[in-house]
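Student: Take this structure, written in structure tokens, and hold onto it; I'll ask about it next.
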Amino acid sequence: MTDKRLRIADVVTHFESWCPPSLAYKWDNVGLQVGELHQKVTGVLTTLDVTEAVVDEAIQLGANLIIAHHPLLFAAPKKLDTTAPKGRVVKKLMQHNITVYAAHTNLDIVEGGVNDLMADALDLKEVRVFLPEGHDTYKKVVVFVPATHEQIVKDALHTNGAGNIGNYEKVSFVSQGNSYFQPNAEAQPFIGEAGKLEKVEEVRIEVLVPSKHVNQAVKAMVAAHPYEEVAYDIFADEKKGKPFGLGRVGELPAPTTLKDLAALVKQRYNVPHVRFAGDASATVETVAILGGSGRDYVDQALQQADVYITGDLTFHETQDAVEAGLQLIDPGHYAEQIMKKKVADYVQTAFSDVAVHVSETDTNPFQSI
Ligand SMILES: [Zn+2]
């Protein structure tokens, strides 16, 4: 059964509950690129880039939402000449009422995003952030609930991102007490009656919530709470959460040679060719990965890993890095296409009635012979 009320905004809201735009770099341009968020969804297409061929694919599939990794509009255009490539794409999107949404550096940084996918594809273990930018922050949410409704409110909190600490889930602290209130004449109290002081046995539930999930968790908690007026507090928690940032570093399941790893990268990232530099027979075990263009981070890779996997490496940088003792593998920028399936799966899992497609258009500008 198709949910006729499902709008692009609903898909975007769900996507952002995993991959918030706030994770993106300030210089980036993520989120809505072209179109509108309030129209009904007819289908979703995930892609690395929005080229004219990708727009044609969306039209063919009847999909009016394209979710892309690379922003269609990055540098602010001064004009949209619809005879030039970019303008032509925008014109076609508008003529066909197709909305384009981009998740760029936020999708690189987010847990489970591009860089984690690239690490997972090589079965890396002990995966950590390559270039930490900061730490997740937490809030402490405290809510007072009649004892009868403790579980239902806790469930609402836990299913919306609250109460995860390290390897522990559904973590809460609960204490008992009494609450007192006197409803006025306009109140519609769940317990008690107008003008009469009530004493109710309540519990105080305390949970830790990652800041990015607070709005969602509080909304669900209030919806599950039986009271007309819910008493709750949100406190800042100064403890450091998990680090976040670009790239990943991890350990291969077993040491291998640079050449064998390069072959594995080619196969697992499903790219037409892979360049590598260094000593083909060198043993590599600790791997640094940065999807897209990572040539600015060779020094950090040298400090943290035996081999650095990134795209868009240039001649001189590679030469210097090899001289310094680093092994390098360049699977090309196109390796980031790994995000297409993950984003499609994420949307499809939440909205089983929506047709979600992974773009089959090859947007890699390079060919090799
Ligand atoms: Zn990229």
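Student: With angles folded into 0 to 90 degrees, how steeply does helix 8-18 sit against the dominant principal axis of the chain? Use alpha carbons for both and round to 10.
Tutor: 80
Student: Which value, in Å², gives the accessible area per residue of the chain when a 1.4 Å probe is used on the protein heavy atoms? List each step's numbers first, then the result.
Tutor: Working: 19310 Å² over 369 residues.
Using a 1.4 Å probe on heavy atoms only, each residue of the chain averages 52 Å².
Student: Right, another one. Which of the peptides 163-174, 353-364 is most tightly packed, and how do the rest follow, judged by the mean count of other Cβ atoms within 10 Å per residue?
Tutor: Numbers: 163-174: 12.5, 353-364: 17.2.
The densest-packed peptide leads the list: 353-364, 163-174.
Student: For the chain, with only Lys/Arg (+1) and Asp/Glu (-1) charged at the beta-carbon, what is the dipole magnitude about the Cα centre, in debye rounded to 20? Show your work: numbers first, answer last.
Tutor: Values: 34 positive and 49 negative charges, 159 e Å.
Dipole magnitude for the chain comes out near 760 debye.
Student: Continuing with this model, one more query. If you line up the long axis of helix 52-61 against the longest principal axis of the chain, both from Cα atoms, how many degrees apart are they, to the nearest 10?
Tutor: With both axes taken from Cα atoms, the answer is about 50 degrees.
Student: Can you give me the distance in nm between label points at THR148 and GLU285, each placed 7 Å from the Cα along the Cα-to-Cβ direction?
Tutor: About 6.1 nm separates the two model spin labels.
Student: Please give me the summed charge of the neighbours of GLY112: other residues whose Cβ is under 12 Å from its Cβ, Lys and Arg +1, Asp and Glu -1. Intermediate results must be reported in sequence, preceding the final value.
Tutor: On the way: positive: ARG248, LYS342; negative: ASP108, GLU111, ASP116, ASP120, ASP345.
So the surrounding residues net to -3.
Student: Under 20 Å between alpha carbons, and skipping anything fewer than 8 positions from LYS26 in its own chain: which lysines qualify?
Tutor: Once the sequence-local lysines are set aside, what remains near LYS26 is LYS212.
Student: Let me ask another. For the charge dipole of region 303-369, defined by +1 on Lys and Arg C-beta atoms and -1 on Asp and Glu C-beta atoms about the Cα centroid, which residue among GLN303, PHE366, ALA350 has the Cα displaced farthest towards the positive pole?
Tutor: ALA350
Student: Same structure, new question: When only DSSP loop residues count, what trypsin sites (Lys or Arg not before Pro) in region 1-92 have their Cβ near at most 15 other Cβ atoms within 10 Å? List each step's numbers first, then the result.
Tutor: Numbers: sites: LYS4, ARG5, ARG7, LYS26, LYS40, LYS78, LYS79, LYS86, ARG88, LYS91, LYS92; in loops: LYS4, ARG5, LYS26, LYS78, LYS79.
The qualifying sites are LYS4, ARG5, LYS26, LYS78, LYS79.
Student: Nothing charged except the Cβ atoms of Lys and Arg (+1) and of Asp and Glu (-1): what's the magnitude of the dipole of region 211-369 about its Cα centre? Round to the nearest 20 debye.
Tutor: It works out to roughly 320 debye.
Student: Shifting gears a bit: Counting pairs of alpha carbon atoms under 8 Å apart in space and at least six apart in sequence, what relative contact order in percent does the chain give? Can you show the working numbers first?
Tutor: Working: 746 pairs, mean separation 73.0, N = 369.
Normalised by residue count, the contact order of the chain is 20 percent.
Student: How are the Cα pair distances of the chain distributed, in percent, across 20 Å bins from 0?
Tutor: 25, 46, 24, 5, 0
Student: Arranged from highest to lowest average of other beta-carbon atoms within 10 Å per residue, in what order do the peptides 185-196, 116-127 appear? Show your work: numbers first, answer last.
Tutor: On the way: 185-196: 11.3, 116-127: 17.7.
For the peptides 185-196, 116-127, the packing ranking is 116-127, 185-196.
Student: Of the heavy-atom accessible surface of the chain (probe 1.4 angstrom), what whole percent is carbon and sulfur? Could the numbers behind the result be given before it?
Tutor: On the way: 9880 of 19310 Å².
Here it works out to 51 percent.
Student: Further question: Could you compute Rg(Cα) / (2.2 N^0.38 Å) for region 137-237, with N its residue count? It would help to have the intermediate numbers written out before the result.
Tutor: Values: Rg = 14.2 Å, N = 101, 2.2 N^0.38 = 12.7 Å.
Against the empirical 2.2 N^0.38 Å value, I get 1.12 for region 137-237.
Student: In a shell of Cβ-Cβ distance under 10 Å around LEU246, excluding LEU246 itself, what net charge do Lys and Arg (+1) and Asp and Glu (-1) give? Don't skip to the answer; put the middle values down first.
Tutor: Details: positive: ARG248; negative: ASP108, GLU133.
Overall, the nearby charge balance is -1.
Student: Taking region 1-54, which GluC sites (Glu not before Pro) meet the DSSP loop condition and have no more than 16 other C-beta atoms within 10 Å? Walk me through the intermediate numbers first.
Tutor: Working: sites: GLU16, GLU36, GLU52; in loops: GLU36.
Passing sites in region 1-54 are GLU36.
Student: Another one. Determine the sum of side-chain charges near VAL145: Lys and Arg each +1, Asp and Glu each -1, restricted to other residues whose C-beta is under 12 angstrom from that of VAL145.
Tutor: Numbers: positive: LYS154, ARG204; negative: GLU150, ASP155, GLU201, GLU202, GLU206.
Combined, the nearby Lys, Arg, Asp and Glu give -3.
Student: To continue, here is another question. When DSSP beta bridges are limited to those with both residues in the chain, what percentage is antiparallel, rounded to the nearest 5? Intermediate values should be presented prior to the final figure.
Tutor: Values: 45 of 64 bridges.
Percentage antiparallel, nearest 5: 70.
The values are calculated or read from the model by the stated rules, or taken from the named source; none is laboratory data. Because the structure is a prediction, the values reported are computed rather than measured. Every residue, glycine among them, receives a Cβ derived from its backbone with ideal geometry; neighbour counts consider all protein chains shown. The area values use the complete protein model at the heavy-atom level, side chains included, leaving out ligands, DNA and RNA. Shrake-Rupley method; radii C 1.70, N 1.55, O 1.52, S 1.80 Å.
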